[in-house]
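**Q** Shown below is the structure under consideration.
Here, each number is a calculation from the coordinates, and none is a lab measurement. If you're wondering where the values come from, they're calculated on a predicted model, not measured in any experiment.
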Amino acid sequence: MTTTNGGAALIKALELEGVDTIFGLPGGAILPVYDPILDSPIRHVLVRHEQGAGHMAEGYALSTGRPGVAMVTSGPAATNIVTPLCNAYMDSTPLVVITGQVGTPAIGTDAFQECDTVGITRSVTKHNELVTRAADIPMVIRQAFH
């Protein structure tokens, strides 16, 4: 039995949803997702600021009619994408945002770049979820797109 890591599972799930572009900014907690992107047909658009990733994903959604996808790391990067999340929510623009998070054992310990991303974004998203097991990623991504 082959074990798939979370990064590979995420990219495969996004491919299955027909994602062709991700707008993002790499950083510590999300770096494991960037290696599988190299072998994926998904195009990554590197941005200078997380808020830009969210707004670019919004523009993509508005111009293509397909959900825009943004990906950023944890902590301040996650809080930087709240404005585009709110804007997309208020305008009913389909936006899927993936953020990194500190390791599960570090949650609640005031670890470096830890924040309650789920709590912060609850009021500006249709659905959000903290995924703690790689095996759950395909189901969570499927739910995010439907």
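**Q** Per DSSP helix of 4 or more residues, -39500 (n - 2.57); summed, then divided by the residues of the chain. What does that give at 222 nm, rounded to the nearest 500?
**A** Taken over the chain, the calculation gives -12000 deg cm²/dmol.
**Q** Per residue, how big is the convex hull around the C-alpha atoms of segment 52-103? Give it to me in cubic angstrom, could you?
**A** Given the Cα convex hull of segment 52-103, per-residue volume reads 59 Å³.
**Q** With an 8 Å Cα cut-off and a minimum separation of 6 or more residues, compute the relative contact order for the chain in percent.
**A** 26
**Q** Collect residues whose amide H, placed 1.01 Å from N in the peptide plane, falls under 5 Å from the amide H of I22; neighbours closer than 5 in sequence don't count.
**A** Under 5 Å from the amide H of I22 lie the amide H atoms of R43, H44, V45, each far enough along the sequence or on another chain.
**Q** Moving to a separate point now. When the Kirkwood radius is taken over all Cα pairs of the chain, what Stokes-Einstein diffusion coefficient follows at 37 °C and 0.692 mPa s, in µm²/s?
**A** The Stokes-Einstein estimate is 216 µm²/s.
**Q** Enter the Cα centre distance for the pair segment 131-146 and segment 21-73, rounded to the nearest angstrom.
**A** Cα centres, segment 131-146 to segment 21-73: 17 Å.
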